[in-house]
Amino acid sequence: MKVSEQDQILLKPVEQTTKRFWITAAILFSIWFIGFLAYLRQFHSGLGVTGLSRPTYWGIYITNFVFFIGISHAGTLISAILRISQAEWRRAITRSAEVITVMVLLFGVGNILIDLGRPDRMLNVIKHPHFTSPLLWDVTSITCYLTASSIYLYLPLIPDIARLRDRGVKWQRFYRILALGWQETPKQKRILERLISIMAVVVIPIAVSVHTVVSYVFSMTIQPMWHSAIFGPYFVVGAIFSGIAALMIAMAIIRKVYRLEEYLKEIHFNYLGILLLVMSLLWFYFTFSEYLTVFYGNEPLEMEIFRSKMSGPYAFYFWMMVGCCFVIPFVILANRKTRTVRGTVIASIAVTIGMWLERFTIVVPSLVNPRLPYVRGIYHPTLVEFAITAGCFAAFILLYMIFTKIFPIVSIWEIEEGRESSLQEVHERVKGYLPGMGGKSE
Amino acid sequence: MTRWGMVIDLDKCSACQACVVACQSENNVAPPNQELHEQGRSIHWIRVLPTFEGTFPHFRMRLFPLPCLHCDNPPCTKVCPVSATYKSEEGIIGQIFSRCIGCRYCTTACPYTVREFNWKKPVWPEEMKPIRNRDVSIRPKGVVEKCTLCTHRLQKGREKARVEGREMIPEDYIPACVEVCPSQAMIFGDLDDPESEVSKLVRSRRAFRLMEDLGTEPKVIYLSEGGGD
């Protein structure tokens, strides 16, 4: 299988490694290493090195866990939904989204393990499972999700791996094994297409379940402002929201670094920007419902937490979250003139920060103000926690970069297929929608 | 079936904290130090909880000795992913320290905040080490611990009764805090036995449970002040 002249640029990152790549990789590796040292320290001396204490038993590790699992919805929802709805503009962006899903899930799970007081006993979850615990539902559904989304990432990679194999680039054996003898016969193609569409359908409900269950970890308890039925959908919407934002940041970086302006066009950012705007409005709707019902009900214990978020010690985080998740993206994205690549990326960065803050303002204030009035404790994360968090982010970016060095980050065969057949197909399809055009009706 | 419970008479309680000290030494809870205390990390399986009602000058302070309340409908046991915390047949909420993975879900689910976490390896002064209780395991860092109503004493009492070839009597099993209470404000026994002292007291008008509206059904029941018996 040959890669056409015009698509050569997609293979360039795999075949050539610039000095800039090594420098960035070295910096990220150092940050990861510092985080790793911080974790060793925590492992050795216990969670006492964090800022957690009675009654704030959960802090930024749990925030990171919820945040990372949320980001993972980029791949599934963007790639699977767009694939199912036959949105042709998806072709250039699906892979970069799917990679985010798989990699970020590892860090979501990783943060839970970091948060455990006895990580050496983590296998007890399998040895002594207790099925009424929402944490066990989490383990089950995240494992499913990681498996399904890895398969969903791998399947569309096969034809591209075969292209790399046929070019005879370095690590021949590696690509040969992974290509599974792909020869692009019509039969193989048919099976692959079928598998991809099955996986796309399978992955969506799993993704929804994952974030619903993550929210259940909080809402199944009777803690004030956690015990809320809206948490399931609220978390799913937030997850898709932050997922789209993360995807756009990744796309903008890939586009700039690998000069893929021809593939990741303004139009992609425009469309995704509109999606982000819709999610931002939905997010506002959910946040508004959540807080208005609490305020109107005026239960003393809930109001204490409510006030700590509105005007108390957590007001800064809360209002910054509202600014980042609603005000900034709304102003930028509602206006066509500012819905450019730069505009959408600024909005996306704001959303990512805002969604992290959202997780934080859900987890911490409820724990700081427990029902019994005698224990209170303001939570301040320590350097160890910051270092480990930075390490996680650095490691995620590093792994993502390494992925772009091993596999093409834009799906080559899907672009080719788009050029060859989908123009014709879309033409036919649109004709089919219209009365009196003689297109085939289904 | 036996259902162990405790009654704490707030009229008799002088908040002397003898129960706190007794619990500390009975259950090998490492002595608290200034640093841990300031960080909010000192461990107590029972503490004296102050509550304040009203504002000055119409002001009242109440003091509740607060162990784990051993709820009949416990929020903590449901959420544990590894069954490290469980409700025994006799209603005691137990904790398997060697199984706990330290996820602290039970501590966040407990509305009474009576579960404790070992943030660091517990430290004893050298001279206190020989007097630790050999019946109770020493918890490592990273696990959750809590009041178990001194279940090791239940085991001991049961074995003693069996060796002596008789039925268990109330004196065979008394938790350390109840045993030392100088004003006998704490009474322990079988809630299901209509003749026991606790079940009589539970039926008194003064009996109330902490945050009863949550539906957790605690088996530690308080008698409010003003009884004047």
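The values are calculated or read from the model by the stated rules, or taken from the named source; none is laboratory data. Nothing here was measured: the structure is a model prediction, and the numbers come from that model. All Cβ positions, even for glycine, are placed from backbone atoms using ideal geometry, and neighbour counts span all protein chains on display. With ligands, DNA and RNA removed, areas are computed over all heavy atoms of the protein, side chains included. Shrake-Rupley method; radii C 1.70, N 1.55, O 1.52, S 1.80 Å.
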Fill in the blank from the handout: Order by accessible surface, 1.4 Å probe, largest leading, for residues A:HIS227, A:HIS130 comes to A:HIS227, A:HIS130
Exercise for the section: Would you be so kind as to list the residues of region A:46-70 that have their accessible area lowered by at least 30 Å² in the full protein complex compared with their chain by itself (1.4 Å probe)? Expected result: A:LEU47, A:GLY48, A:LEU52, A:SER53, A:ARG54, A:TYR57, A:TRP58
Problem - Potential lengthening between A:LYS12 and A:SER311 on full extension [0.36 nm per residue; Cα-Cα distance subtracted] - result: 102.4 nm
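Compute the signed sum of charges (Lys and Arg +1, Asp and Glu -1) over the other residues within less than 14 Å, Cβ to Cβ, of A:LEU153.
-1
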Practice task
Read phi for every residue in region B:174-188 and hand back ³J(HN,Hα) as whole Hz from Karplus 6.51 cos²θ - 1.76 cosθ + 1.60, θ = phi - 60°, with x for Gly and Pro.
Solution key: 9, x, 4, 5, 5, 4, 8, 3, x, 9, 6, 7, 9, 10, 10
Completion exercise
With every protein chain in place, the residues of region B:97-124 shedding 40 Å² or more of accessible area versus the chain by itself (probe 1.4 Å) are B:ARG99, B:ILE101, B:CYS103, B:ARG104, B:TYR105, B:THR108, B:PRO111, B:THR113, B:TRP119
Fill in the blank from the handout: In nanometres, the difference between 0.36 nm per residue of separation and the alpha-carbon distance of B:GLU212 and B:GLU171 is 11.8 nm
Handout entry: Packing-based order for A:75-81, A:345-351, A:37-43, A:151-157, using average beta carbon neighbours within 10 Å, highest first
Key = A:75-81, A:345-351, A:151-157, A:37-43
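FRET efficiency for A:VAL169 and A:GLU428, Cβ-Cβ distance as r, R0 = 41 Å, nearest 0.05? Working shown, then result.
Details: r = 37 Å, r/R0 = 0.91.
Efficiency for this residue pair is about 0.65.
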Handout entry: Apportionment of accessible area to carbon and sulfur, chain A, percent (1.4 Å)
Key = 69
Fill in the blank from the handout: Inter-part gap, Cα centre of region B:3-52 to Cα centre of region A:213-286, in whole angstrom, is 46
Problem - Solvent-accessible surface (1.4 angstrom probe) belonging to B:ASP193, in square angstrom, nearest 10 - result: 60
Problem - Modelled label reach - B:ASP192, point 7 Å along Cα→Cβ, region B:91-117 residues with backbone N closer than 18 Å - result: B:91-94
Problem - Extended-chain gain in nm, criterion 0.36 nm per residue less alpha-carbon gap, A:ILE27 and A:VAL327 - result: 104.7 nm
Handout entry: Net charge contributed by nearby residues that have their C-beta within less than 15 Å of A:VAL363 (K/R +1, D/E -1)
Key = -2
Practice task
Would you calculate the separation in nanometres between label points at B:ASP135 and B:SER83, each defined as 7 Å from the Cα along the Cα-to-beta-carbon direction?
Solution key: 2.6
Handout entry: Listed residue pairs exceeding 32 Å between alpha carbons, taken from A:LYS127/A:LYS405; A:LYS405/B:LYS141; B:LYS12/B:LYS120; B:LYS78/B:LYS200
Key = A:LYS127/A:LYS405; A:LYS405/B:LYS141; B:LYS12/B:LYS120
Exercise for the section: Would you work out the relative contact order for chain B, in percent, from Cα pairs under 8 angstrom that are 6 or more residues apart? Expected result: 32
Exercise for the section: Please give the per residue accessible area of region B:27-135, computed with a probe of 1.4 Å over protein heavy atoms only, in Å². Expected result: 45
Completion exercise
Buried by partner chains in region A:76-117 (accessible area down by at least 40 Å² vs chain alone, 1.4 Å probe, heavy atoms, protein only) are A:LEU116, A:GLY117
Handout entry: Expected 222 nm ellipticity per residue - DSSP helices of 4 or more, -39500 (n - 2.57), all of chain B, to 500
Key = -5000 deg cm²/dmol
Fill in the blank from the handout: Per the helix-only model, chain A has a calculated mean residue ellipticity at 222 nm (DSSP H runs of ≥4, -39500 (n - 2.57) each, divided over all residues, rounded to the nearest 500) of -22500 deg cm²/dmol
Completion exercise
Once normalised by the length of region A:40-119, the mean sequence separation of its alpha carbon contacts under 8 Å that are 6 or more apart gives a contact order in percent of 39
Completion exercise
For chain A, the longest principal axis of the Cα atoms and the Cα long axis of helix A:19-45 enclose an angle in degrees, to the nearest 10, of 30
Practice task
Can you check what the net charge comes to around A:SER280, using other residues whose Cβ is under 14 Å from the Cβ of A:SER280 (Lys, Arg +1; Asp, Glu -1)?
Solution key: 0
Practice task
Among A:MET199, A:LEU82, A:ILE254, flag the residue with its Cα farthest along the positive direction of the charge dipole of the protein assembly as shown, charges on Cβ as +1 for Lys/Arg and -1 for Asp/Glu.
Solution key: A:ILE254
Practice task
With label points built 7 Å along Cα→Cβ from the Cα atoms of A:LEU383 and A:SER150, find their separation and express it in nm.
Solution key: 3.7
Exercise for the section: For the A and B pair, go ahead and give the buried accessible area with a 1.4 Å probe, both sides summed, in Å² to 100. Expected result: 3600
Completion exercise
Between the Cα axis of helix A:186-219 and the main Cα principal axis of chain A, the angle (0 to 90°, nearest 10) is 10
Fill in the blank from the handout: To the nearest 10 degrees, the tilt of helix A:383-406 (Cα long axis) against the first principal axis of the alpha carbons of chain A is 10
Exercise for the section: Report, to the nearest whole %, how much of the accessible area of region B:91-203 belongs to carbon and sulfur atoms, 1.4 Å probe, protein only. Expected result: 52
Practice task
Kindly report the accessible area of chain A per residue (heavy atoms of protein chains, probe 1.4 Å, no ligands, DNA or RNA), in Å².
Solution key: 44
Practice task
Report the label-to-label distance for B:ASP11 and B:MET128 in nanometres (one decimal), using points 7 Å from each Cα along the Cα→Cβ vector.
Solution key: 3.7
Exercise for the section: Can you tell me the relative contact order of chain A? Whole percent, Cα pairs under 8 Å, sequence separation 6 or more. Expected result: 30
Handout entry: Burial ranking of peptide ranges A:241-247, B:17-23 (average Cβ count within 10 Å, highest at the top)
Key = A:241-247, B:17-23
